[in-house]
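Here is the structure we will look at, set down as structure tokens.
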Amino acid sequence: MALRLDNVGIVVEDLAAAIEFFRELGLELEGRAMVEGEWAGRVTGLGDQRVEIAMMRTPDGHGRLELSRFLAPRVVADHRNAPVNALGYLRVMFAVDDIDETLARLRKHGAQLVSDDVVQFEDAYRLCYVRGPEGLLLGLAQEL
């Protein structure tokens, strides 16, 4: 039985830009490290690998993103611009306190709405998808 969702991993090319984007969203940098060696390659199945990682934590302390920049082996596929109905992992959804203010801050880091506007679902939520750095797909939800 799973105890909790520990983290979601996202592979990026520009680790510094991704860190700043997620800081702007309100996540805190827990730490950065180089992950390499035989043990790491056994976990991922990639063999000899060198990966620079940054662990980002949500303000409530429960959610984490592991941002990874692969130095070796090189990245072999690119799913960043896949449409929202593509197979596989889709996006990460964040609850925000003020969706308009959050969008204004994230736009300074290149975020763009996927559709033309923020949508309201009944009297419960305002929602949107945005493309962040490197085309990463994120969801934002403001509870009303």
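I'd like the full set of residues that are in a helix (DSSP H, G or I) and surrounded by 11 or more Cβ atoms within 10 Å (Cβ to Cβ), limited to the range 29-41. Hits for the range 29-41 are Ala40, Gly41. Against the numbered list (1) of a type in the set (A, V, I, L, M, F, W, C); (2) surrounded by 16 or more Cβ atoms within 10 Å (Cβ to Cβ); (3) at pLDDT below 95, Leu87 comes up short only at (2). Within the range 75-90, residues that are under 22 Å from Gln112 (Cα atoms) and not assigned by TED's automatic domain parsing to the domain that holds Ala111 have Cβ atoms under 8 Å from residues that are exposed (fewer than 10 other Cβ atoms within 10 Å of the Cβ) and not basic (Lys, Arg) in these pairs: His79/Gly88; Ala82/Gly88, counting only partners at least 6 apart in sequence or on another chain.
Quick one: in the range 65-75, of everything that is out of contact with any helix residue (DSSP H, G or I) (no Cβ under 9 Å at 6 or more places or on another chain) and buried (at least 17 other Cβ atoms within 10 Å of the Cβ), which residue is nearest to Glu28 (Cα to Cα)?
Taking the range 65-75 first, the residues out of contact with any helix residue (DSSP H, G or I) (no Cβ under 9 Å at 6 or more places or on another chain) are 66, 70-75.
Still in the running and buried (at least 17 other Cβ atoms within 10 Å of the Cβ): 66, 70.
Numbers: Glu66: 12, Phe70: 22 Å.
The residue in question is Glu66.
Only a single item in (1) over 25 Å from His62 (Cβ atoms); (2) in contact with a helix residue (DSSP H, G or I) (Cβ under 7 Å, 6 or more places away or on another chain) is not met by His109, and it is number (1).
Of all residues in the range 13-40, those that are outside the structural domain of Asp98 (by TED's automatic domain parsing) have Cβ atoms under 8 Å from Cβ atoms of residues that are loosely packed, with under 13 Cβ neighbours inside 10 Å and among the hydrophobic types (A, V, I, L, M, F, W, C), 6 or more apart or on another chain, in Glu13/Val75.
Here is a check on your reading of the model: is Leu138 within 28 Å of Arg32 (Cα to Cα), of a type outside the set (S, T, N, Q), assigned to a strand (DSSP E or B) and not assigned by TED's automatic domain parsing to the domain that holds Arg32? Spell out how you get there, then give the answer.
Details: within 28 Å of Arg32 (Cα to Cα): yes; of a type outside the set (S, T, N, Q): yes; assigned to a strand (DSSP E or B): yes; not assigned by TED's automatic domain parsing to the domain that holds Arg32: yes.
Spelling it out, Leu138 is indeed within 28 Å of Arg32 (Cα to Cα), of a type outside the set (S, T, N, Q), assigned to a strand (DSSP E or B) and not assigned by TED's automatic domain parsing to the domain that holds Arg32.
The set of residues in the range 50-86 that are over 18 Å from Asn7 (Cβ atoms) and either part of a strand (DSSP E or B) or polar (S, T, N, Q) (or both) comprises Arg50, Leu71, Ala72, Asn81, Asn85. Scanning the range 97-109 for residues that are in contact (Cβ under 8 Å) with a residue 60 or more places away in the chain and outside any helix (DSSP H, G or I) yields Lys108, His109.
The values are calculated or read from the model by the stated rules, or taken from the named source; none is laboratory data. Everything numeric here is computed off the predicted structure, so don't read it as measured data. Every residue, glycine as well, gets a Cβ built from its backbone with ideal geometry; the counts of neighbours run over all protein chains shown.
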